[in-house]
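Step one of this worksheet: look at the structure below.
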Amino acid sequence: YLKISKLALAFAIIHSKPPGKTSKEYTEDLARTLTEQDFGWKSKAEALEAEVLRLRQELLLNKICPRFRLENAASAETLVDQERLNPLSYLSQLEDSGCDVSNDGAFDSLGTASDLLQSQQNVDASNWWLGRVPPLDLCCTSQEESLAAPVRFLQHLLELRELSEGGILQADFTQLEKDPFTICNSVSRLLDGLTVFYNSPRIPVSDLLSEAVRVLTRLITDSKLSNHVLKKCFKKLEEFEKNLIKIILRSSGVNRFQALHAVSNTLVLLAKNNLLRNSLVSLLLPEVRQFAEQLLEAHQVQGLYDITQYENIFSLCTILEQLLEKEREGDVPDCGGEEKLKFLKNLDQVILHLSDDFPLFSLYLWRVSVLLTSAQIQ
């Protein structure tokens, strides 16, 4: 049937081709036209889906609290405007991959929770009402706008949560159970947007990216909202962790270390949630162990190894150290039991064989093993 259909299409093209064009040229023109039409419809469909989600977000906020207005807060729209007015300068990017090419404060800000309610005690509760979220620009396809939309909604949701916690507003968060699609879709779009940004890192880190990370951190650590998020979005969050780990391992740019530092900070912030921390430790341990075994194999046969991945693996080791240190201090419950046993199996022999030629990596492996062993003893 497929062969007959192709033959019929070929005859139709041949019979209908305009004078002055060969059948091949006419076929290529038709294919190009159809491709452009498909792309146009796809863009329109994506824009309409985004608009539908925006309306659902606004409706959900109305259901949670009919009287609400965001004041004295740095909204995502403002951050996007700042990005447009003050485009990032790339002149400060140096050729030496070990150099510090931007202000460390840009990265430290990723771990600082923003306070959106500095003057909430002075606000009259009767003045709060639902501020309509500005419509999404259907013609805009920039990364900033695609990330700003979910950030804007989640900012409003967190604002409602804090106001209800302070007794200023009465909010019904059971509505999140009745409409799990909206918050789940919003979180998914936020994670997809962050992944796109981290895959094409820009130095210094933009304010919008920093705000997106802060919003995500507050969302997964909030005592009530985190439960709603993890119920529906845990697999997506775990996939996000995997994507960030891949970005760290595969990154090969000359000036990549500050960008990797930002990705590492995001992973550490995700680990503030115990469930995500358990997942992250279980993902990191086999990656480090697998690389150690590959390095040992290459060392024994005097073969080549990936020097870029060797440099990047230290980021994963550093993350592991931070997470295991918190576990040893008793701040969080023990996690990743099975992966810990696999990681520690014959690790002393691996360290012994690598210590002469790879002393720094061997030291990192030993430090991680000590943290794992001390946690088990406790």
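Annotation note: of 302, 294, 290, the sole residue that is without any contact (Cβ under 8 Å) to a residue 40 or more places away in the chain, closer than 22 Å to residue 239 by Cβ and open to solvent by 60 Å² or more (accessible area, probe 1.4 Å) is 290. Take the conditions (1) open to solvent by 10 Å² or more (accessible area, probe 1.4 Å); (2) in contact with a helix residue (DSSP H, G or I) (Cβ under 9 Å, 6 or more places away or on another chain); residue 274 misses just one of them, which is (2). Tally up the residues in segment 201-231 that are surrounded by fewer than 18 Cβ atoms within 10 Å (Cβ to Cβ), part of a helix (DSSP H, G or I) and not polar (S, T, N, Q), please. Here the count works out to 2. Residue 178 meets all of the listed conditions (1) modelled with pLDDT of 85 or more; (2) open to solvent by less than 40 Å² (accessible area, probe 1.4 Å); (3) more than 30 Å from residue 258 (Cα to Cα) but one, namely (2). Criterion applied to 216, 230 was being farther than 20 Å from residue 320 by Cα and modelled with pLDDT under 90, and the one residue passing it is 230. Checking each residue in segment 15-48 for being surrounded by 12 or more Cβ atoms within 10 Å (Cβ to Cβ) and touching a helix residue (DSSP H, G or I) at 6+ places or on another chain (Cβ under 9 Å) picks out 17, 21, 23, 26, 27, 30. Of the residues screened, residue 279 is one that is in a helix (DSSP H, G or I), in contact with an Asp or Glu (Cβ under 9 Å, 6 or more places away or on another chain), small (Gly, Ala, Ser) and open to solvent by less than 40 Å² (accessible area, probe 1.4 Å). Just one of the numbered conditions (1) in contact with a Leu (Cβ under 6 Å, 6 or more places away or on another chain); (2) surrounded by fewer than 20 Cβ atoms within 10 Å (Cβ to Cβ); (3) of a type in the set (A, V, I, L, M, F, W, C) is not true of residue 284: (2).
The values are calculated or read from the model by the stated rules, or taken from the named source; none is laboratory data. Keep in mind that what you see is a predicted model, and the values were worked out from it rather than measured. So basically every Cβ, Gly included, is an ideal-geometry build from the backbone, and we count neighbours across all protein chains shown. Protein only, heavy atoms only, side chains kept; ligands, DNA and RNA dropped before computing areas. Shrake-Rupley method; radii C 1.70, N 1.55, O 1.52, S 1.80 Å.
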